[in-house]
Every structure is written in structure tokens, then in C-alpha cells.
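S.K.: Let me give you the structure first, and then I'll get to my questions.
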Amino acid sequence: IRGRKIELTNGGFVNNATYQFVDLSMALRKSFKLKLFKNIPSKWFINVGPNIQYWVNGKGKFVETKYKVKFDVPPDGDLYTVYITDPNRWLFGIDIGIGADAPINKRQKIRVELRATLGQTYLGKKNSSSTYASLSWEDTLKTNLKTLSLTAAYTLDFDRRAMKMGKSTKDKMIKKKR
């Protein structure tokens, strides 16, 4: 979920929009050993790679009126809809990130990553527009989204094969008969 906030100077109106995207990131990662504490072998890493997004939908709030976004349909006068003509629904950029992995024990670890998405293509093409019928407001969509994300994850690995060790199928048959 990404968005943008536009403040219009004539009248002080604020358009606060939120857009939903399907996001695909592919990164080349280089890891380096890092010694946080004695006997804790952790790693830090850097990564870089392309970012591809597909613009699914959107919603927003213009002054006090909530609206939804419709793509490539002619405006029909609905006061609760922003009509976007000729958008770039496929957006391309580059991801650059840095992070670290730290094990807690053999099967648990914590990962922290800071990632920036830069160089994104514009939300609209040359003749694109975003229209809000009730205020005769129009936007060119000559903007792109730059994002900075901080991700923290706790992972717990399960080894199913190790969990089944010591159990036989004969024990299961005995339990079924009871």
C-alpha cells in the first residue's frame, strides 16, 4: 500500500490518496560475516535488484469526501469516484537494501532489513489524467513513488523429518485400535 498527499494552494484542499499494488522484487544479495557477540555467528547483507509493481486499485479522501479509483472508464458524474485515464499500471524501479540476520538458537533467527525503492516510472503516461467530477479538479499523474521500508522478522524453522524420528507406523496402528 502506497499513496500520496496533494495540497492545492487555491482553497487549501487536501487530496490524500492510497493505492494498492502487487509488488515483485528480485535482488542480488551479498552477505558478510558479522560478529555481534561471542559465539553468535550473524551476517549482514546488501542487496540490489529490479522492482516491478502492478497498480491494482486505490481509494482516498478529498476534503471530507471519501472516494474510490476507477481506471480507463469515462467519467459518469459519480461524486465518490476519481477517474484515471491512461495510467501506467505496470511500474518499474530498482530496490537497494541493507540488513542483518542474527540467530537466536539453532532453529530461530531475527532478520532486519532497510530497503529503498527508487527510479519508479510515473503513475501516468504523457496524456494521462486523474479527474474528480465534483470539483472540476484534474491531475496529470506526472509523479512517481519512492518508498523506504523497514522490515523486521522472527523466523522459526521446523524440521518435519526430525520431528518424526522415534515414531513408527506401528505405534499409530496401536492407537487407532484403542
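S.K.: Tell me whether the stretch 40-49 contains one or more residues that are touching a Phe, Trp or Tyr at 6+ places or on another chain (Cβ under 8 Å) and at pLDDT below 90.
M.R.: no
S.K.: Looking only at residues that are hydrophobic (A, V, I, L, M, F, W, C) and assigned to a loop (DSSP other than H, G, I, E, B) in the stretch 27-53, which one is nearest to Gln120 (Cα to Cα)?
M.R.: Ranking the qualifying residues of the stretch 27-53, first place goes to Ala27.
S.K.: Against the conditions (1) assigned to a strand (DSSP E or B); (2) loosely packed, with under 15 Cβ neighbours inside 10 Å; (3) at pLDDT below 90, where does Asn15 fall short? Just the number, please.
M.R.: (2)
S.K.: Since Pro103 meets every condition but one in (1) closer than 21 Å to Lys142 by Cα; (2) touching a residue at least 60 places away in the same chain (Cβ under 8 Å), which condition does it not meet?
M.R.: Only one criterion is unmet by Pro103, namely (1).
S.K.: Would it be correct to say that Lys5 is in contact (Cβ under 8 Å) with a residue 40 or more places away in the chain and either under 22 Å from the mean Cα position of the chain (by Cα) or surrounded by 10 or more Cβ atoms within 10 Å (Cβ to Cβ) (or both)? Reasoning before the result, please.
M.R.: Numbers: in contact (Cβ under 8 Å) with a residue 40 or more places away in the chain: no; either under 22 Å from the mean Cα position of the chain (by Cα) or surrounded by 10 or more Cβ atoms within 10 Å (Cβ to Cβ) (or both): yes.
So Lys5 fails the test.
The values are calculated or read from the model by the stated rules, or taken from the named source; none is laboratory data. Quantities reported herein were computed from a predicted structural model and do not represent experimental measurements. Cβ atoms come from the backbone with ideal geometry, glycine included; neighbour counts cover every protein chain shown.
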